[in-house]
Amino acid sequence: MDLINGYKTFLDNGKTERECVTSALEMAQAKGFRDISTYDSLKPGDKVYVVCNEKSLALFVIGRKSLVDGIGFVTSHIDSPRLDLKMKPLFEKEGIVYLDTHYYGGIKKYQWVTMPLAIHGVVFRKDGSRVDIVVGEDEDDMSFCISDILPHMAQEQMKKSAGEFIEGEDLDLVVGLNRNDEDKDAGRKAIMDILHRQYGICEDDFLSAELEVVPAGRARSLGFDSSMVMAYGQDDRVCAYTSLQALLDIDQDLETTACTLLVDKEEVGSVGMTGMDSALLANIVSEVMDKCGEYSSLNLRRALRASRMLSSDVTAAYDPHNTSLYDKANASLMGHGVSFEKYTGSRGKSGSSDANAEFIAYLRKVLDDAKVSYQMNEMSKVDVGGGGTIAKFAAYYGMDVIDCGVCVLSMHSPWEITAVHDIESAYSAYSAFFKA
């Protein structure tokens, strides 16, 4: 259970991308990994990391073969659906003080009301100084929530569809009260005074802040048999943690260089400087090739083309309460091992990279030889829905890539569910892939 306990701690300490990177770096440094800037050159056996804007992280164990012959990547994303504070979030309305939010990623908005919420993130003042904020997590700490109307008065609300009865603009965080009828802005000013006293920030500092609203509380074992984990952010931190731990636990010389890559922004299309739909991967590999004395534009292209990647992202677990959504013969069953998806996308495989059969055959042998349990799946019935991952951005370089991760029940909800056996299988699969 060391793997599972470590995983739950990772989830508790990493509810934002920056926090995940910080936790991963602490784990890596304890295993002898060093920042690439501290190396003049790299040789086989060296352990090195590259950080990008505190939101993406690449860790390498250098192998004996030339990088031009390819790298074994296991790539996960560390962002999760959430609520972000707007740039001018603080306002008061009829005696209640709120923080205005904008949801990030695909959520069911109604799931986020009337539950304890916490605020995690960072504020940068104009002078460049930084304030890290985590509030609402400790049991003795204050908490926050989004209010809803009582069922006795919700007749009209209940006539609306689930996607309509909570509007995005109504996801406002309750943070204080104003009992001063004479000053209609006294509550907002009082909250700002508290923030200034506790954190030294003024209202304009929200303009240069990244503050994320997430479910408050720790990861828990689920079920009388503790066979599952219930936690926020398991999409996709379950794959991030297992791929990270698999790399850190490498205890042998490698033929092929291994890389665990943790990226940002997948939930909003992998955009931005820390997402996979950017020059992020090419830039990172260029830095490592340079330290190995192998960099050229052509060598970079050859290295990426010769590489193999497990796009380690989660998939939907088969839900016995909603069987009509799944083709059970091709669904991912909880507790049956790590899941491979040859293609994602939607309907006619739109947005999919569609892995080569040769690569799948190679992986089958690697996992069978290592006695790792795995399953092949599709997310849903053909015309029901679908989703995208980072696989297509890796395929752009010509490398072999397939989605490989843990199936999740209640995906994109505030509290997601995974199976302990599947988490352990993912770790074993990533370990076998790195060592193959």
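Could you calculate the FRET efficiency of ASP127 with LYS88 from 1/(1 + (r/R0)^6), where r is the beta carbon distance between them and R0 is 25 Å, rounded to 0.05? Numbers along the way, then the final one.
Details: r = 21 Å, r/R0 = 0.82.
It comes out at approximately 0.75.
For the chain, the Cα-based Rg and Dmax, in that order, read 22.8, 75 Å.
Each listed q (0.08, 0.14, 0.17, 0.21 Å⁻¹) maps to a log10 I(q)/I(0) for the range 275-429, found by the Debye formula over equal Cα scatterers with no solvent: -0.26, -0.74, -1.01, -1.32.
Can you pull out the GluC sites (Glu not before Pro) in the range 88-166 that DSSP calls coil and that have at most 12 other Cβ atoms within 10 Å? For GluC sites (Glu not before Pro) across the range 88-166 that sit outside H, G, I, E and B with at most 12 neighbouring Cβ atoms in 10 Å, the list reads GLU94, GLU139, GLU156, GLU164.
Subtracting the Cα-Cα distance of ASP327 and VAL134 from their residue separation scaled by 0.36 nm leaves 65.3 nm. A Gaussian network model of the chain, with springs between Cα atoms under 10 Å, assigns the largest mean-square fluctuation among ASN377, ASN330, ASN180 to ASN180.
Taking 0.36 nm per residue of separation and subtracting the current Cα-Cα distance, fully stretching the chain between ALA30 and THR114 would add 26.2 nm. Across the options GLY72, ALA30, VAL48, the greatest Cα extent toward the positive end of the charge dipole of the range 1-160 (unit charges at beta carbon of Lys, Arg, Asp, Glu) belongs to GLY72.
Overall, the chain carries a charge dipole of about 1280 debye about its Cα centre when +1 sits on the Cβ of Lys and Arg and -1 on the Cβ of Asp and Glu, all other atoms neutral.
Ranked by how many other Cβ atoms sit within 10 Å of their own Cβ, fewest first, the residues ASP79, ASP2 fall in the order ASP2, ASP79. Using only Cα atoms, find the angle between the long axis of helix 297-306 and the longest principal axis of the chain, and express it within 0 to 90 degrees, rounded to the nearest 10. Roughly 90 degrees between the two axes.
For the range 41-51, backbone phi angles converted through the Karplus equation (6.51, -1.76, 1.60; θ = phi - 60°) give residue-by-residue couplings of 8, 10, 9, x, x, 5, 10, 9, 9, 10, 9 Hz, Gly and Pro being listed as x.
From largest to smallest, the equivalent ellipsoid semi-axes obtained for the range 140-274 from the alpha-carbon gyration tensor read 40, 24, 17 Å.
Using the Karplus relation 6.51 cos²θ - 1.76 cosθ + 1.60 with θ = phi - 60°, the per-residue 3J(HN,Hα) values for the range 105-118 come to x, x, 10, 8, 4, 5, 6, 9, 8, 6, 9, x, 10, 10 Hz, with x marking Gly and Pro.
For the pair the range 373-412 and the range 131-198, the centres of their Cα atoms are 36 angstrom apart.
Inter-label distance, GLN157 to MET142: 2.4 nm, where each label sits 7 Å from its Cα along the C-beta direction.
Using the Stokes-Einstein relation with a Kirkwood hydrodynamic radius computed over Cα pairs, the translational diffusion coefficient of the range 82-215 at 37 °C and a viscosity of 0.692 mPa s comes to 206 µm²/s.
Full extension of the segment from LYS349 to ILE194, taken as 0.36 nm per residue of separation minus the current Cα-Cα distance, would add 50.7 nm.
Backbone amide hydrogens, once placed in the peptide plane, bring CYS407 within less than 5 Å of THR315, SER339, excluding anything fewer than 5 places away on its chain.
List CYS145, CYS407 from most exposed to least, where exposure is judged by having the fewest other Cβ atoms within 10 Å.
CYS145, CYS407
Under 5 Å from the amide H of LEU90 lie the amide H atoms of ASP100, each residue being 5 or more positions distant or on a separate chain, with H modelled from the backbone and absent for Pro and chain starts.
I'm checking a number: the convex hull volume of the Cα atoms of the range 388-431, normalised per residue, in Å³. What is it?
So the per-residue Cα hull volume is 84 Å³.
Rounded to the nearest 5, what % of the DSSP beta bridges within the chain are antiparallel ones? Percent antiparallel among DSSP bridges in the chain is about 70. Residues TRP112, TRP415, ranked from the fewest to the most other C-beta atoms within 10 Å, line up as TRP415, TRP112. Taken about its Cα centre, the range 82-215 carries a charge dipole of roughly 300 debye when the Cβ of each Lys and Arg holds +1 and the Cβ of each Asp and Glu holds -1. Dipole of the chain (Lys/Arg Cβ +1, Asp/Glu Cβ -1, origin at the Cα centre): which of LEU11, CYS239, ALA331 lies farthest to the positive side? Farthest towards the positive end: ALA331. Taking amide H as placed 1.01 Å from N in the peptide plane, SER227 has its amide H under 5 Å from the amide H of LEU222, each at least 5 places away in sequence or on another chain.
The numbers here are math on the coordinates, done by the rules we state, and not lab data. Values in this document were obtained by computation on a predicted structure and should not be read as measured data. Heads up, the Cβs are rebuilt from the backbone with ideal geometry, glycines too, and the neighbour counts pull from every protein chain shown.
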